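Data block below; observations after.
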Amino acid sequence: MSKMSGPVQYWTFWGQKVAAPSAEMSKLRAAMMEKVLTWQEKRQIPGLTLGFAQQRSALLVAGDSGIKARVKACGTRDQHGNRSECGVVFCPRCLMLRRKEQTAENYRLFAGQDNSHLVLMTVLVRVISDLNDARPLQDKFELKARNAIMARRKKDPRWNNVMIKGYWEFDHLWGSDELGRNAKIALPLLGLPTFTFDESHWLLHFHAIVALGDISIDEFKSAMKRKNAAHPYQVDVQPFKTERDVKWNIRRITRYAMKFRIEDDYKRAGPFDPNYVFDMNTSNQRKWWPKEAVRLLVTHLSQPLHGYRSLQFWIGPKGTTKSKIGADKTQKASSNKGKMASALVPAKENQKVR
């Protein structure tokens with residue numbers, strides 16, 4: 001066996017062994033990430049890290065036959081040379097591609113905003129045991145939040161420029177033993193039973209980037225709490241870090257909101273994290289959710305009309321659609337480029353042919 005292949009190593013998922021990359025290959029990939037590949041090249045290789053490779057392997061073990069087939073085919077080329085996307089929410093490749101798209105969109109939506117007018121909002125909506133209850137709860141809360149803002153816009157024009165870009169997330173819960181103090185107060189009020197008897201429960205919640213405009217944090221938080229989320233610790237609103245560049249904050253929060261984990265004690269394992277080091281010897285200590293819980297959630301989010309699109313929502317400024325925000329600047333920039341290019345063309349070449 002070659003040195004590059006090395007001795008066979010294994011990951012263990014729910015008692016099942018799966019072949020993992022050799023130690024030599026792991027070192028090579030880590031070195032490439034650190035010293036060889038540029039930032040632009042890393043962006044073109046979603047899921048290159050071993051941490052993401054391990055999540056993909058866990059997904060293949062837990063998923064049903066349909067999910068496995070989709071994930072295995074992800075990234076393959078069709079007859080036209082285009083790479084396929086499986087669209088499975090926890091697939092590392094699709095996850096990285098969607099993060100890239102959403103980060104670019106959020107740059108556009110919140111362009112011109114500074115840190116003093118942007119906040120991160122987290123709302124705990126409900127603890128559920130049946131994933132079929134999730135979509136109605138999501139729709140209901142989004143409508144209540146939209147109505148709360150619209151009602152204030154009728155009385156106070158300062159609310160006209162408030163914008164919310166939210167991302168839904170599911171956390172798996174066994175019980176309250178390992179929860180923090182605030183969670184132990186909040187979650188029973190949101191439906192977490194005192195005794196779960198090893199039954200899976202899900203905390204349905206979301207993270208959102210919010211542009212406040214001229215509204216204060218206290219005003220916004222009060223509007224979101226009232227009838228929408230009146231329980232203690234249900235709504236948390238944190239200002240952006242002022243010592244950081246606003247685009248850095250938007251990028252960080254977008255990735256945080258789109259982590260799509262299937263484990264407890266989650267640690268980001270992406271190629272964009274400069275402090276990330278993968279240790280094969282400790283990788284098998286990752287606290288994956290129960291196999292059946294992973295299968296249920298992946299299956300739920302792979303239904304028609306579900307997936308990535310169902311896990312985000314948008315409340316824009318009054319009278320403006322998402323597609324129009326930032327479009328004027330883009331069109332103006334394109335127009336200016338066209339005028340400059342036209343000015344550089346010699347007069348005879350620039351004349352119309354009759």
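The values are calculated or read from the model by the stated rules, or taken from the named source; none is laboratory data. Quick caveat, the model's predicted, so the values are computed rather than measured. Glycine also receives a Cβ, built like all others from the backbone with ideal geometry; neighbour counts cover every protein chain displayed. Just so you know, the surface numbers come from the protein's heavy atoms only, side chains and all, with ligands and any DNA or RNA stripped out. Shrake-Rupley method; radii C 1.70, N 1.55, O 1.52, S 1.80 Å.
Brief remarks follow.
- Test: residue in region 270-286 that is open to solvent by less than 30 Å² (accessible area, probe 1.4 Å), more than 18 Å from Lys165 (Cα to Cα), at pLDDT below 90 and assigned to a loop (DSSP other than H, G, I, E, B): yes
- Per the conditions (1) assigned to a helix (DSSP H, G or I); (2) under 17 Å from Leu190 (Cα atoms); (3) touching a residue at least 60 places away in the same chain (Cβ under 8 Å); (4) of a type in the set (D, E, K, R), the sole criterion not satisfied by Glu169 is (1).
- Test: residue in region 157-164 that is touching a residue at least 40 places away in the same chain (Cβ under 8 Å) and closer than 22 Å to Ser302 by Cβ: no
Okay, residues lined up against (1) within 12 Å of Val127 (Cα to Cα); (2) open to solvent by less than 40 Å² (accessible area, probe 1.4 Å); (3) of a type in the set (S, T, N, Q); (4) modelled with pLDDT of 95 or more:
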site	(1), (2), (3), (4)
Glu178	no, no, no, no
Ala186	yes, yes, no, no
Leu189	yes, no, no, no
Leu192	yes, yes, no, no
His201	yes, yes, no, no
His205	yes, yes, no, yes
Ala208	no, yes, no, yes
Ala211	no, yes, no, yes
Ser216	no, no, yes, yes
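- Residues in region 65-77 that are touching a Ser or Thr at 6+ places or on another chain (Cβ under 9 Å) and open to solvent by less than 60 Å² (accessible area, probe 1.4 Å): Gly66, Ile67, Ala73, Cys74, Gly75.
- Answer residue from region 6-16, given it is open to solvent by 60 Å² or more (accessible area, probe 1.4 Å) and assigned to a loop (DSSP other than H, G, I, E, B) and is modelled with the highest pLDDT among those: Trp14
- Residue check, Phe220 touching a Leu at 6+ places or on another chain (Cβ under 8 Å), farther than 28 Å from Leu296 by Cα, open to solvent by less than 20 Å² (accessible area, probe 1.4 Å) and outside any loop (DSSP other than H, G, I, E, B): yes
- Residue match in region 232-239 (condition: open to solvent by 80 Å² or more (accessible area, probe 1.4 Å), in a helix (DSSP H, G or I) and either in contact with a strand residue (DSSP E or B) (Cβ under 9 Å, 6 or more places away or on another chain) or not polar (S, T, N, Q) (or both)): no
- Taking region 114-135 as the range and being of a type outside the set (Lys, Arg) and touching a Gly at 6+ places or on another chain (Cβ under 9 Å) as the test, the residues that pass are His117, Met121, Val123, Val127, Ile128, Ser129.
- Residues that are open to solvent by less than 40 Å² (accessible area, probe 1.4 Å), at pLDDT below 95 and either in a strand (DSSP E or B) or within 20 Å of Trp288 (Cα to Cα) (or both) do not occur anywhere in region 146-166.
- Among residues of region 99-132, those that are open to solvent by 40 Å² or more (accessible area, probe 1.4 Å) and closer than 21 Å to Leu190 by Cα, counted: 4
- A count restricted to region 167-176 and to residues that are open to solvent by less than 20 Å² (accessible area, probe 1.4 Å) and of a type in the set (Asp, Glu) stands at 1.
- Within region 240-255, the residues that satisfy the criterion of being open to solvent by 70 Å² or more (accessible area, probe 1.4 Å) and in a loop (DSSP other than H, G, I, E, B) are Lys241, Thr242, Glu243, Arg244, Asp245.
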